[in-house]
Amino acid sequence: MPDLPEMDHKKSPSLKWLRLSALVLFLDQGSKILAEYYLQLYQQVELLPFMNLTLMQNKGAAFSFLADAGGWQRWFFVLLTLIITVFLLRWLRTLSEKERGLSIALALVIGGAIGNLIDRVQNGYVIDFLDFHAVGWHWPTFNVADSAIFIGAVILVWDALLGGGEKDNTV
């Protein structure tokens, strides 16, 4: 059996962050399998006074955007996710070793996007099950992939506002 070529981390050191994407993907898909196995659709299981596990099927995007659009949105979101993921992978490939925060952010978003993409292609909807609430108000139900995307986006904004990575200090 021929040896597989090793990835040249000197050429593209940030690609090693794809391990983080794979971890997010594993945790996301594993938790969704468990949620579907142990929960009935719309069943609420209280974990904490402010958190339930509630199995939901989101046919839309964030906050169920376009969930009632008639079905076309499934393939629209699949195509959009593929385009964004390819863009993020190409961006990640250009980053240097010093741009650690940005690399982590992109890896989190990529892992989360692929997790939700798998659901959308396989089922026609995204599996959500984390239901936080307080004083009778419920945050929209979400999943591990959504959490990774949100955290990655926050890091991206933080990096954009405060700067990060390598700076050229030459005059």
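Of all residues in segment 115-135, those being surrounded by fewer than 20 Cβ atoms within 10 Å (Cβ to Cβ) and among the hydrophobic types (A, V, I, L, M, F, W, C) number 5. Within this structure, T170 fails the test of being modelled with pLDDT under 95 and either crowded, with 16+ Cβ neighbours inside 10 Å or of a type in the set (D, E, K, R) (or both).
Taken together, the criteria exclude D128 from residues that are part of a helix (DSSP H, G or I) and acidic (D, E).
The values are calculated or read from the model by the stated rules, or taken from the named source; none is laboratory data. In this text, all values refer to a predicted model and were calculated from it rather than measured experimentally. Because the Cβ atoms are built from the backbone with ideal geometry, glycine has one as well, and the counts that use them run over all protein chains shown.
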